[in-house]
Amino acid sequence: MSVQHNYNNFCKPKLNKLLSALKLDKNYIKAEGNYLYTDDGKKVVDFVGGFGVSILGHNHPELIKEMTTTLQSNVAINSQCSVRSESANLAMVLNEYIDNGHNYKVNFSNSGAESVEAAIKHAYKVHFDKVRREYERITRILNDFYYKVEREGIEIELPGEENDLIDFRNDLDEYNLNQFESFQKSPVIAGLKGSYHGKTCSPLKVTFNKSYREGFEGLSSIQAAFVDHDKPQRLKEIVNELACEFYYPVLVGSKVEIHTLKITRVMAFIMEVLQGEGGIKPVPEKTLEQLAAIHGELKIPFILDEIQTGCGRLGSIYSYQDTALKSIAPEYITLSKALGGGLVKIGATLIRDDIYDQDFGILHTSTFAEDDLSSKVAIKALELLKANDSELLKRVNVQGEKLLNGFKELQQRYPEIIKNVRGKGLMIGVELTPLLTRSPFFRATGKQGVLSMLVASYLLEYHNIRLLAPLTTMLKGNPGKNRMSILRVQPPATITDEEIEALLSSFVEVLDIIQSNNEYL
Ligand code: F0G
């Protein structure tokens, strides 16, 4: 039986069929540096980089050495509920690269989605405690008012139609309880349109792409509110609009007035500085400036999702520090992907010390989190990125520029086929146009968004180059709506000039085929 057959029968039948239709159903059996090797003897240059994971290349020899020597020393991997020395070391290293004067507590997990989950859960707890405290305070004010009036027999004038003190108190009490429950049952996370934060229940809620969220709405009661990239001020309106309003009585002379205390139901705002899965979309610097100002003004916790952009992909350990957001001290930062050097599965949620909930380290744990092996490999991965005066991080920007400029030149030569080239560091997106003036075949693929996968298929088949588009390309889109055709170019920092040249010249070949409507090739 072929491996494809087994994958189809026992793992992912639909994905297998789609990959097979595009000749992308390869079985990679070895990986080294910038290359992946198939079971039929192909050596493929990897420009996907595990969607951001392998910034150091595959199986970096120093990381393999760190992992094997750690294993050979019979490291204690399963020592849950003890003092985890290597996690502490890794947490210290992660703190060293933060330049905002705050310390962060680090909660380790096993994947990106899990580290987002932890941030959301922590933010919920902090906000819930605040809303509950306020609800209890308002309830006390209401009760004190009632008992005072009762005990002292004060003559009062109730507002509106109310004339019975007990009814008045009960109505307000019930209303406030409803408001409290509205937060409890339906807390809000605000995010940016186009965002992607993972596929477990809570991160899925704040992932913008409807094809991923549809049908899973009932899995988590979190409500998401998305903001356009060019309208960050909308965040302020959302925070203001989606709020609990608690009513309490105030006696002015003999008149009872109803006053309002408003607390937003928005527990946090989550974002990537450069959206990956959403189509390699950098958030404009001006928007980041405005968001930084809103952060200061509203004091709403920010979750900076650096799962893809962090740990080297954009040339720094924390990419937000190279943007206008550097003026803020984010409450949460999430990391994963490249943190494990491509060898170990690890996620980290950094929580600013001054908002850290002391119970969280007990409330939120996972069997496999915080193991010494992953932590040691992650420490080594960070060390490699920073070695020789951050040589590799600098290389990310140098090689990234070459790729970006190369594709921009192609865009000028083929404006009818390449719609846009964008990105930063080694996270570059090449967006193809819907090809409305092409042959029926190219028109259909362009409209459905599969054109990018078709290009990927050609590059792999004829040039041993691996590129991919966001996975949603494989899902059914909204009928009638053009789907974005984007290729994600995310090679390791070790990618060479020759490999970049090879990618660009092979790309020209595909562009020529499309240009001449030569669909039979
Ligand atoms: N956040 C961001 C910004 C991501 O890019 C991803 C994953 C996640 C969270 C979830 O991490 O997969 O380890 O649970 N992005 C991949 C991608 C899937 O294609 O960009 P995970």
Per residue, the convex hull enclosing the Cα atoms of region 280-358 spans a volume in Å³ of 96 Å³
The set of residues whose placed amide H lies less than 5 Å from the amide H of L274, leaving out same-chain residues fewer than 5 positions away, is V283
The alpha-carbon pair-distance distribution computed for region 1-124, with 10 angstrom bins and whole-percent values, is 10, 23, 32, 24, 11, 1
Residue-ordered couplings for region 210-222, obtained by feeding phi - 60° into the Karplus form 6.51 cos²θ - 1.76 cosθ + 1.60 and rounding to whole Hz (Gly and Pro as x), are 5, 4, 7, 7, 3, x, 10, 4, x, 6, 8, 8, 4
Yeah, region 186-225 with a ≥ b ≥ c from its alpha-carbon gyration tensor (a/c under 1.5 is rounded, else prolate when a/b outruns b/c, oblate otherwise) is oblate
Compactness check, region 160-201: C-alpha Rg relative to the 2.2 N^0.38 Å globular estimate gives 2.04
Here region 180-186 yields Karplus 3J(HN,Hα) values (6.51, -1.76, 1.60; θ = phi - 60°; whole Hz; Gly and Pro given as x) of 4, 5, 5, 6, 4, 7, 9
With 0.36 nm assigned to each residue of separation and the Cα-Cα distance removed, K210 to I29 gains 61.8 nm
Cα pairs beyond 24 Å in region 116-242, in percent, come to 47 percent
Between the Cα axis of helix 372-413 and the main Cα principal axis of the chain, the angle (0 to 90°, nearest 10) is 70 degrees
Rounded to the nearest 500, the 222 nm mean residue ellipticity computed for the chain from DSSP H runs (n ≥ 4, each -39500 (n - 2.57)) alone is -14000 deg cm²/dmol
Using alpha carbon centers only, region 502-518 is separated from region 172-206 by a whole-angstrom value of 47 Å
Summing +1 per Lys or Arg and -1 per Asp or Glu among the other residues with Cβ less than 12 Å from I280's Cβ gives +2
Computed on Cα atoms, Rg of region 412-515 relative to 2.2 N^0.38 Å comes out at 1.05
Computed on Cα atoms, Rg of region 24-80 relative to 2.2 N^0.38 Å comes out at 1.42
In whole Hz, the Karplus estimates of ³J(HN,Hα) for region 31-44 (6.51, -1.76, 1.60; θ = phi - 60°; x where Gly or Pro) are 9, 8, x, 8, 10, 10, 10, 8, 6, 9, x, 8, 10, 10
Rounded to two decimals, the Debye log10 I(q)/I(0) of region 310-415 (Cα scatterers, no solvent) at q = 0.17, 0.20, 0.22 Å⁻¹ is -0.96, -1.14, -1.23
Taking a ≥ b ≥ c as the square roots of the eigenvalues of the Cα gyration tensor, with a/c under 1.5 meaning rounded and otherwise prolate when a/b exceeds b/c and oblate if not, region 177-262 is oblate
Cβ-Cβ cut-off under 14 Å around S82, Lys and Arg +1, Asp and Glu -1: the net charge is -3
Nearest 10, in degrees from 0 to 90: the angle of helix 451-463 to the longest Cα principal axis of the chain is 30 degrees
Cα-based Rg then Dmax for region 244-321, in Å, read 20.1, 66
One would report the Cα pair-distance distribution of the chain, bin width 10 Å, in %, as 4, 17, 25, 24, 15, 8, 5, 3, 1, 0
Rg/Rh over Cα atoms for region 212-354, Kirkwood Rh, comes to 1.09
The answer for S195, listing residues at least 5 apart or on another chain whose modeled amide H is closer than 5 Å to its amide H, is F208
Rounded to the nearest whole number, the Stokes-Einstein translational diffusion coefficient of region 76-173 at 37 °C and 0.692 mPa s (Kirkwood radius, C-alpha pairs) in µm²/s is 175 µm²/s
Quick note, region 135-176: a/c under 1.5 would make it rounded; otherwise a/b > b/c is prolate and the rest oblate (a ≥ b ≥ c, C-alpha gyration tensor); here it is oblate
Result for region 238-327: accessible area per residue, probe 1.4 angstrom, in square angstrom, of 33 Å²
Checked against a 19 Å limit on the C-alpha separation, the offending pairs among K205/K286; K121/K205; K424/K447 are K205/K286; K424/K447
Measuring from the longest principal axis of the C-alpha atoms of the chain, the long axis of helix 85-96 (C-alpha) lies at a number of degrees, nearest 10, equal to 90 degrees
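The values are calculated or read from the model by the stated rules, or taken from the named source; none is laboratory data. Worth saying up front: this structure is predicted, and the values here are computed from it rather than measured. Note that each Cβ is placed from the backbone with ideal geometry, even for glycine, and that neighbours are counted across all protein chains shown. Ligands, DNA and RNA are excluded from the accessible area calculation, which covers all protein heavy atoms including side chains. Shrake-Rupley method; radii C 1.70, N 1.55, O 1.52, S 1.80 Å.
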